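The values are calculated or read from the model by the stated rules, or taken from the named source; none is laboratory data. Please read these numbers as outputs of a predicted model, since none were measured by experiment. Methodologically, a virtual Cβ is constructed for each residue, glycine included, from the backbone with ideal geometry; neighbour enumeration extends over all protein chains shown.
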Amino acid sequence: MESPIVYDKAKYHSESVETEGLPEGQEFVHTGFYLGWLIENGLLDDEFVDDFLVEEVAAFKDRKLTGPEIYSRCDGALVDDMLNDDGNAFSQHYFDFQSGQFVDDYQRAFSVGGGNDFFGVEDTWENYDKIKAFFDRGFSKWNRSKNKKPWQFWK
């Protein structure tokens, strides 16, 4: 059995949030925005949603519950078994903090650097809408690239 792919855990960022003097809960924001976008785009595993998040997904779509709030209800973990095949394929490409585009897009969307700036972004629908546009572009670009044949990349 393969080890699960853990994309992120809020606990990885708790110390940074505390060190920066930010309010508790800020460690859920960046990945929570991404989780919300995954929900909005149907990239979660249907069985996972049916078992754990039916009410939360409906509340998110009605804008009554934010992505970071749902992420905190998922114990602050984003793991591969939560996502469907497309969600995993895209996340492995985009959400990797070392080689993916997520961190750069997040920093650009909110004009932030690291530390306090990065973790200080507020959980608001306005901010979600801001970062959502970056996620949409990344997903669109990824979709175009995966549909090209190898000899088409230089065109």
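Here region 93-109 is the region considered, the condition is being under 21 Å from residue 16 (Cα atoms) and in a helix (DSSP H, G or I), and the residue that is farthest from the chain's Cα centre (by Cα) is 108. Would you call residue 133 out of contact with any Cys (no Cβ under 9 Å at 6 or more places or on another chain), free of Cβ contacts under 8 Å to residues at least 24 places away in the same chain and in a helix (DSSP H, G or I)? No. Only a single item in (1) touching a strand residue (DSSP E or B) at 6+ places or on another chain (Cβ under 7 Å); (2) exposed (fewer than 15 other Cβ atoms within 10 Å of the Cβ) is not met by residue 95, and it is number (2). For region 18-62, enumerate the residues that are touching a Pro at 6+ places or on another chain (Cβ under 8 Å) and more than 24 Å from residue 137 (Cβ to Cβ). Answer for region 18-62, where residues must be touching a Pro at 6+ places or on another chain (Cβ under 8 Å) and more than 24 Å from residue 137 (Cβ to Cβ): just 25.
Of the set (1) surrounded by fewer than 16 Cβ atoms within 10 Å (Cβ to Cβ); (2) at pLDDT 95 or above, all apply to residue 151 but (2). Every condition in (1) among the aliphatic types (A, V, I, L, M); (2) part of a helix (DSSP H, G or I); (3) over 17 Å from residue 7 (Cα atoms) is met by residue 112 except one, and the failing one is (2). Within region 6-25, the set of residues being surrounded by 14 or more Cβ atoms within 10 Å (Cβ to Cβ) and of a type in the set (A, V, I, L, M, F, W, C) comprises 10, 17, 22. In region 1-92, counting only helices (runs of 4 or more DSSP H) that sit wholly within it, the ones holding 2 or more residues that are in contact (Cβ under 8 Å) with a residue 60 or more places away in the chain span 11-19, 29-40, 67-73. I'd like to know if region 66-80 contains one or more residues that are at pLDDT 95 or above, crowded, with 22+ Cβ neighbours inside 10 Å and farther than 21 Å from residue 123 by Cα. Taking every residue of region 66-80 in turn, none turns out to be at pLDDT 95 or above, crowded, with 22+ Cβ neighbours inside 10 Å and farther than 21 Å from residue 123 by Cα.
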